[in-house]
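The block underneath contains the structure these notes are about, expressed in structure tokens.
Bear in mind that the values in this text are calculations on the coordinates, not laboratory data. Owing to the predicted nature of the structure, the values given are computational and were not obtained by experimental measurement. Quick reminder, even Gly has a Cβ in these numbers, built from the backbone with ideal geometry, and neighbours come from all protein chains shown.
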Amino acid sequence: MSTPPADDLIALRRDLHAHPELGFEEVRTADLVAGRLRAAGLEVTEGVGRTGVVGTLRRGGGGPAILLRADMDALAMPETALARPWRSTVPGRMHACGHDGHTVMLIGAAERLAQAEGLEGTVQFVFQPAEEGRGGARAMLEDGLLDRFPADRCYGLHNMPGLEVGEMAVVEGPQLASSDRFEVVFDGTGTHGAKPHLGRDPIAAVGQFLTAMHTVVARETDPLSPAVVSACALAAGDFDALNVIPDRARIGGTARAYAPEVRDATEAALGRLAHGIAAALGVTARIDYRRGMPPVVNAPGPTGIARSAAAAALGAGRVRQSFPPSTAGDDFAELSTRVPGCYVWLGNGPAEDGALHHNTRYDFNDAALGPGIAFWCALVRAELGAG
Ligand code: NI
């Protein structure tokens, strides 16, 4: 059973909510985090990946090392729940994804575990900046996160509106999608629109590519393994020169997948189609496929440990073992593609007025603090072998 959080953790959560900071600007938040961890007796390292903070709890001479990650950043959007006493005090900034709650739960767990007996091993409490698309995990890694704070396994947690408070979902396999972008440039030979045989038409090539790229998901991808390929930009020629075939045509879009092999195959297929169509039509193609966040895929080992910890904290009947993956992304994937990891969903209760993540009325549910802290503590006990 989870014990309710102390009032000061609720007050801290509301204070963070009222003072949201964007990615890499989490100066006040990081200060608060570092102060609390230091007061609890942890070794604290600040400025990891700019505004990131790592608190280290070391017990005994051996045991495993695990990394627990919370994100700290807010979003550049207004909060419209004006009656909320702890609403954002910063115009155009809002904790609309619950990272205020994530931060406080990890602080609460660190404070509780700093007092715990019988642990053997190391816990790295990682407070990451800039999760919302600004590359905070990558910045911490480039700052040597895993060399300076090595870990055998990593864990992340995100609140989930619609899942009951006191419930969790701990599921092996894909949790969040990868998000990549591609651009293809076809270079031909421009010519008079009335004399196409004297040139090489890149517009014909881009037209064929657009049709062909829609066969990647339909004809090449396992129907049971989701993927998305969408063209979102197309440019060639000039509407003021409708008798000119241009030299160049461009097309770009987004590609998403959950399985690493589907992601690899999609990238390869887009390249093959671009070059194949170019060769067939006598033009050249250049493809720039840029990988964004990898998918978050939960590894079997850590998922099993997280599942028993969730059951110990909340009761086995409160832990869902199947739950639909999200089409969003999370750069926790930068960690869990390097160290075996598990990313869990924590119930945030009903989405009031439909206020899901990134909605201007969303709020983290303080009633979820207790279950979240209980989970982190049970996980550390499961990993570091204390009764
Ligand atoms: Ni989030």
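Which of the three applies to region 1-153, rounded, prolate or oblate, going by the alpha-carbon gyration tensor with a ≥ b ≥ c and a/c under 1.5 meaning rounded? Please list the in-between numbers first.
Working: a/c = 2.48, a/b = 1.43, b/c = 1.74.
Verdict is oblate for region 1-153.
Per-peptide packing, taken as the mean over residues of other Cβ atoms within 10 Å, places 188-194, 31-37 in the sequence 31-37, 188-194 from highest down.
Evaluated at q = 0.17, 0.20, 0.23, 0.27 Å⁻¹, a Debye calculation over the C-alpha positions of region 179-233 (equal weights, vacuum) places log10 I(q)/I(0) at -0.67, -0.80, -0.93, -1.10. The separation of region 81-138 from region 189-218, counted between C-alpha centres, amounts to 50 Å. Computed over the chain, the per-residue total of -39500 (n - 2.57) for DSSP H runs of n ≥ 4 gives a 222 nm mean residue ellipticity of -10000 deg cm²/dmol, rounded to 500.
Classify region 73-165: rounded, prolate or oblate, from the alpha-carbon gyration tensor (a ≥ b ≥ c, eigenvalue square roots; a/c under 1.5 rounded; otherwise prolate if a/b is larger than b/c)? Verdict is oblate for region 73-165.
Toward the positive end of the charge dipole of region 154-233, with +1 on the Cβ of Lys and Arg and -1 on the Cβ of Asp and Glu, the farthest Cα among M213, L198, C232 is that of L198. Stokes-Einstein diffusion of region 270-315 at 20 °C, 1.002 mPa s viscosity, Kirkwood radius from Cα pairs, rounded to a whole number: 145 µm²/s.
Just to be sure I follow: if Rg is taken over the C-alpha atoms of the chain and Rh is the Kirkwood radius over the same atoms, what is Rg/Rh? Mind showing how you got there, number by number?
Working: Rg = 24.4 Å, Rh = 22.7 Å.
With Rg and the Kirkwood Rh in hand, the quotient comes to 1.08.
For the pair region 354-378 and region 268-299, the centres of their Cα atoms are 39 angstrom apart.
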